[in-house]
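To start, the structure under review is shown below, and the notes come after it.
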Amino acid sequence: MTNTEEATTTQAERADWVAAANLLARRIRARALELTILKDGCYLSQALSSAELLATLYTRVLKLADLPGPLPSEPFTGVPGSARPSPSGGRFHGERLPDGDRFLISPAHYAVAIYTALECVGRLAPGALESFNTDGSTLEMIGAEHSPGFELTTGSFGQALSQASGIAFARRLRGETGRTAVFMSDGELEEGQTWEGVQAAAFYRLDSLMLFVDVNGQQVDGLTKDVMNVEPVDARFASFGWEVRVVDGHDVAAIAEAAEQKSADGRPLVVLAYTDTARGMPYLNSRKPHLHYVRAKDDADRDAFERALAELKEGLS
């Protein structure tokens, strides 16, 4: 194969992956909206904003161990402890391998986005989401350490980066070559512990640590710039000694490219993905900035939600 032929093949493969990732993002949005309708409310806007980011991580960026097949979600057996261990939600990311990646989820209210992404990539069994937000299910509205995709309890908010830094540091001590990736929301940048974790990761030069932030500009009380402004986020991370990349969070190719460019001088990497909480469902634009939790308020909303779902599912098999 000539260099030209090889380049053409690579471009074709890239185009195929981009198309598949964008289709996956639509599936994530559609499933999250289905659950919003079914359960009369959900953290929908978080799935709308993060769909491309999660699609890119699961299909392109992360090196996760394969599963023998989609896993069921085990029922909740009670508060975990030494006498009653609870299965870790991290099992949906496969066996922990020395050269494999660990993927840690920080914002527990993004659970519906994580569950739908796991289902869409074949890691969560079809039909499991029917038990979402029901008594006795580990598919909780707010994810915990036993919920699919979650291996950490991240506290009230903003604790996962500190835990991930410790995990990355321990993996380095063990000689493991795999990376530790963290998914966060921009609301967590209002938390002091987040910046303690940022400082520690830079100080210990944890260049195997990757942080991906859904910067959608909104939180439970409104716009982040009005509640507790954290901009300029890129300059803040850079001042702590991080490698910073800013991307359009709905551009799967840009997200993948940002993640693939490893820092050459030992700095941890943060990818700031700027997103839209009404992406794929413009009907919700009129509710901004109050989209933290979404439910249909009246018949007009219910009709609009059904129409939006039909549009999202159009062309999906």
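A few points about this structure:
- Residue pairs meeting the criteria (Cβ under 7 Å; at least 6 apart or on separate chains; first surrounded by fewer than 16 Cβ atoms within 10 Å (Cβ to Cβ), in the range 217-243; second modelled with pLDDT under 95 and outside any loop (DSSP other than H, G, I, E, B)): D221/V227; V227/Q219; M228/E190; E231/K225
- Hey, D265 closer than 21 Å to F169 by Cα and charged (D, E, K, R) or not: yes
- Lone unmet requirement of (1) modelled with pLDDT of 95 or more; (2) surrounded by fewer than 22 Cβ atoms within 10 Å (Cβ to Cβ); (3) in contact with a Gly (Cβ under 6 Å, 6 or more places away or on another chain) for E151: (1)
- Sole residue being surrounded by 15 or more Cβ atoms within 10 Å (Cβ to Cβ), touching a residue at least 12 places away in the same chain (Cβ under 8 Å) and within 28 Å of L23 (Cβ to Cβ), chosen from A111, A160: A111
- Residue in the range 173-195 that is within 21 Å of L54 (Cα to Cα) and among the aromatic types (F, W, Y) present: yes
- Restricting A253, A310, A300 to those that are in contact with a helix residue (DSSP H, G or I) (Cβ under 6 Å, 6 or more places away or on another chain) and hydrophobic (A, V, I, L, M, F, W, C) reduces the list to A253.
- Considering (1) buried (at least 24 other Cβ atoms within 10 Å of the Cβ); (2) under 14 Å from G149 (Cα atoms), the lone condition that T56 does not fulfil carries the number (2).
- Index of the failed condition, T77 passing every other in (1) modelled with pLDDT of 95 or more; (2) outside any helix (DSSP H, G or I); (3) of a type in the set (S, T, N, Q): (1)
- Scanning the range 177-192 for residues that are modelled with pLDDT of 95 or more, farther than 19 Å from T277 by Cα and of a type outside the set (S, T, Y) gives G178, R179, A181, V182.
- Residues of the range 176-190 satisfying the condition of being in a strand (DSSP E or B) and among the β-branched types (V, I, T): T180, V182
The values are calculated or read from the model by the stated rules, or taken from the named source; none is laboratory data. Not measured: the values here are computed from a predicted model. So basically every Cβ, Gly included, is an ideal-geometry build from the backbone, and we count neighbours across all protein chains shown.
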